[in-house]
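Input: a single structure, listed below in C-alpha cells.
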Amino acid sequence: MNLFSTTGAAQTNGIPAGAEISNIEVVNIFDNAGSSIDDNDTPDTPEDDFVADVNASVFGAAAQEIWQVGGTPVGVAGLGAGQTAGFRNNDATATVAYKDDVTAANVVLENVADDSVISVRGDDLTEVSVTASINPTGATKDPDEQYKAGLVIDLDDPATAEVTSLNVSLSQNTDLRINNADELETVDASASTGGIAMDLSVAGNDDFALETATTGSGVDIIQLAQNTFSADSVSLDLGAGADTVAVLLSSDEGINSAVADLSITGGSGSDDFAFGNGNIILNTDADAFGDAMSTVSVTDFGDGDDTLSLWGFGTFDYSFAAENAVTQALETLDDDAVLFDAVSAVAAAVEDDGAALYAQFEFDGSTYLYGDVSDTYAGDGLDTGDMLINLGDATLDANNVVGLSELPYDITPV
C-alpha cells in the first residue's frame with residue numbers, strides 16, 4: 001500500500017474513521033511532512049501520546065513493514081510483534097513505539113540523514129535491532145576523517161529500561177552513540193560491514209550493565225573506561241578489520257564493590273590495543289592483591305600485525321626493564337609462588353632499573369605486561385594503580401609496542 005501525505009494539518013489520507021485494513025504487508029508513506037496518519041483513535045504509546053504520529057494499528061496485524069519515504073518523518077506508534085518501522089531518504093530523527101507485551105523492536109534506516117536520532121520505546125521491550133545506511137552529508141567526525149556518518153540510538157530510559165540486547169548492522173563507517181542504556185547487557189554489531197567509532201562508556205547514565213560487545217568486519221575504533229561498568233566482567237570482540245580499542249584502566253572500585261574484569265579479542269586484522277592508567281589494587285597490608293582488583297586480558301595479541309600502545313612509553317630498550325633482570329627476579333620465587341609474588345618481583349626489577357616503566361614476564365603459561373604507571377611514574381615499586389595485563393602467548397618487542405602522549409579518540413589518563 002502506498003500513501004501520499006501532504007504538508008498541512010493532521011489528516012487521515014482517505015482512511016475513514018473506524019476503517020479496517022487487512023492483508024497489507026508493506027506500507028509506504030511518501031513525503032510525510034509532519035502530518036499524522038491514524039483512524040482517529042488514541043495511539044498506543046507507552047507514555048505520552050505524540051503530537052504527530054503514524055499509528056501502525058491502522059494497517060492491521062498483517063502489516064510487516066511500515067515505511068516513511070522522503071519528506072519529514074514523524075513518530076510511529078502502536079507497533080505490534082514482528083512489525084518493522086522503516087525510514088528511507090529522510091532525516092530519521094523520530095520515535096518508534098511498540099505496544100505493551102511486545103519484547104523485540106526492529107528499525108530499518110535506508111539512506112537517512114547524517115546524525116539521525118532514532119528513539120525506541122516499549123514498556124516490555126528487551127531486544128532492539130537497528131539496520132542502517134546513512135548519507136554522510138554532515139561535518140567530518142572524530143577520530144578519523146573517514147568516519148563521516150553519525151547515528152544516535154536512544155533507548156529512551158525509563159520507557160525501555162529493560163532493554164538488555166541491542167543488534168546493530170551498519171553498512172558504512174559511522175560515529176555511533178547509544179544513549180540511555182543502563183540495563184543493556186549485549187551490543188552485537190557483528191553484522192556491520194562499516195567501521196564503528198563508539199564510546200562504550202557513555203551509553204549508561206549512572207552505570208552500565210554491559211557484559212558483551214561485538215563489532216563487525218569494518219575498521220572499528222572503540223573506547224571505554226573500565227570503571228563505568230556494573231557487571232562483574234566485560235568482553236569485547238572486535239571482529240575482522242584493522243581495529244583500535246582505547247582503554248582507560250581503573251584501580252578505583254567506582255560504582256561496584258569491584259572493578260569489572262575485562263577481556264578483549266582483536267580478531268583478524270592488524271589491531272591496535274591502547275591502554276592508559278592501571279588496574280592493580282593492593283590489599284590494606286600491600287601483601288596481596290585486593291579483592292576489588294580486576295583482571296585484564298588480550299586473548300589474541302599477535303594474530304596479525306597487532307600493536308600495543310602504552311601511555312608514557314618511550315623506546316623499547318629504554319622503557320622496558322632488561323629481560324635478564326626480570327628473569328633473575330623471577331628465579332628467586334618459590335615453587336608455590338602465586339601471581340602476586342611474581343608481579344612483586346618484577347616491580348622490584350623495574351624499580352632497580354631506574355628508567356624503565358614496563359616489563360614483560362611469563363607466569364603460569366601466560367605472558368604478562370607490568371607497568372609502573374601509578375602516581376608520577378617514578379619507579380617506586382608495586383603500588384595500587386600500576387598496570388597488569390595478560391597477553392596470552394604473545395611476545396613484546398620493538399616492532400609491536402609504541403608510545404602514546406595521549407590515548408586515541410578522547411580518553412586521557414588522569
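Structure data summary
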quantity: Rounded to whole Hz, the Karplus (6.51, -1.76, 1.60) HN-Hα couplings of the stretch 183-191, x for glycine and proline; calculated: 8, 5, 9, 10, 10, 10, 10, 5, 7
quantity: Added length on full extension, which subtracts the Cα-Cα distance from 0.36 nm per residue, A231 to I21; calculated: 71.0 nm
quantity: Amide hydrogen neighbours beyond the local backbone of Q68, cut-off 5 Å, H modeled; calculated: I29, G86, F87, R88
quantity: Environment charge at S233 (Cβ cut-off 11 Å; Lys +1, Arg +1, Asp -1, Glu -1); calculated: -3
quantity: Separation of alpha-carbon centers, the stretch 225-298 and the stretch 324-341, rounded to whole Å; calculated: 24
quantity: Largest to smallest accessible area among T327, T174 [probe 1.4 Å]; calculated: T327, T174
quantity: Amide H within-cut-off set for F363, under 5 Å, with H built and near neighbours excluded; calculated: Y368
quantity: Rg and Dmax of the stretch 261-357, Cα atoms only, in Å; calculated: 15.3, 43
quantity: Heavy-atom accessible area order for D114, D261, D334, largest first, 1.4 Å probe; calculated: D334, D261, D114
quantity: Long-range HN-HN contacts of V96 with modeled amide H, under 5 Å; calculated: V76, S119, V120, R121
quantity: Cβ-based net charge around M198, under 9 Å, with every Lys or Arg adding one and every Asp or Glu removing one; calculated: -2
quantity: Kirkwood-based Rg to Rh ratio, the stretch 324-374, C-alpha trace; calculated: 0.93
quantity: Ranking by accessible area, most exposed first, for D386, D336 with a 1.4 Å probe; calculated: D336, D386
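The values are calculated or read from the model by the stated rules, or taken from the named source; none is laboratory data. Model, not experiment: these values are computed from the prediction. As a convention, Cβ positions derive from the backbone with ideal geometry for all residues, glycine included, and neighbour counts pool all protein chains shown. To get the accessible areas, we keep the full protein, side chains included, count just its heavy atoms, and leave off ligands, DNA and RNA. Shrake-Rupley method; radii C 1.70, N 1.55, O 1.52, S 1.80 Å.
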